[in-house]
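What follows is a single structure, written as structure tokens, with notes after it.
The values are calculated or read from the model by the stated rules, or taken from the named source; none is laboratory data. These numbers come from a predicted model, not from an experiment. Because the Cβ atoms are built from the backbone with ideal geometry, glycine has one as well, and the counts that use them run over all protein chains shown.
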């Protein structure tokens, strides 16, 4: 059985890794980015160039996207030359790997299906660019059963794909993920700062703690990055702030008290106010390590 043709929209830090992974797994890829220069690395990997989201959808069976802002997702779906303008495309599926507000996800999904017959799956991911390359992403998905069945074999080539419920459930699960991960960025920054002030070798901490309750797959990654002050972006601090703002809004809508997440939000607001939004999210350490 031949593999479906996969389209991918948004070829930034994450998107180009998706293209690379799909190509290594033998998929034909049609890519698109509003910044034309980002198409060149994708073409070097063997992807075909699309001219718009609508063009990508017409040429592919399954179309994914990984973009920075909710407005980007809106533009892809309903903007000029967006997916809706592709016309009737029954049986095709659009998979949003971005972190997008739940209400917007359900609104766009309903509009897309009504206009074109294209199913919308929200499938945000966790693990970062390296996990895309290795095929070890955590993918949390919301959508109709039939659409999930259509994309499941393709998503399995990217990582662990879990159907969490109806459209929007993937984004709700991503908020849970971000509660755990992004507050942990701040906690680990505190730990590194404390270690340095007491003269502890930060590089040895992950190994020393690995077999105890503090051990995690994030511990060695962040400690190494923070110890080296390596702020080359695997994910931008501005994106961390965007996700925390979204988390804050979602918690407020349900009257959910989230004091730790609120503190993380304050720290990232401070970091971005200092003009450090283009650094990696681990750079939150800089707020703590200055005397």
So residue 260 ticks every box in (1) in contact with a helix residue (DSSP H, G or I) (Cβ under 7 Å, 6 or more places away or on another chain); (2) buried (at least 18 other Cβ atoms within 10 Å of the Cβ) but one. Which box is left unticked? (2)
So which residues in the stretch 102-127 are more than 18 Å from residue 145 (Cα to Cα) and part of a strand (DSSP E or B), if there are any at all? 125, 126
Candidates 265, 271, 287, filtered to the one that is part of a helix (DSSP H, G or I), closer than 29 Å to residue 12 by Cβ, within 20 Å of the chain's Cα centre (by Cα) and modelled with pLDDT of 95 or more: 265
Condition check for residue 57: over 20 Å from the mean Cα position of the chain (by Cα), outside any loop (DSSP other than H, G, I, E, B) and touching a residue at least 24 places away in the same chain (Cβ under 8 Å): yes
Can you spot a residue in the stretch 79-101 that is assigned to a helix (DSSP H, G or I) and touching a residue at least 40 places away in the same chain (Cβ under 8 Å)? no
So in the stretch 225-238, with the set limited to residues that are under 22 Å from the mean Cα position of the chain (by Cα) and assigned to a helix (DSSP H, G or I), which one is surrounded by the most Cβ atoms within 10 Å (Cβ to Cβ)? 226
Name the single residue that is surrounded by the most Cβ atoms within 10 Å (Cβ to Cβ) among those in the stretch 210-224 being within 20 Å of the chain's Cα centre (by Cα) and not in a loop (DSSP other than H, G, I, E, B). 222
Enumeration of residues in the stretch 1-29 that are within 20 Å of the chain's Cα centre (by Cα) and not in a helix (DSSP H, G or I): 6, 7, 8, 9, 10, 11, 12, 13, 14, 29
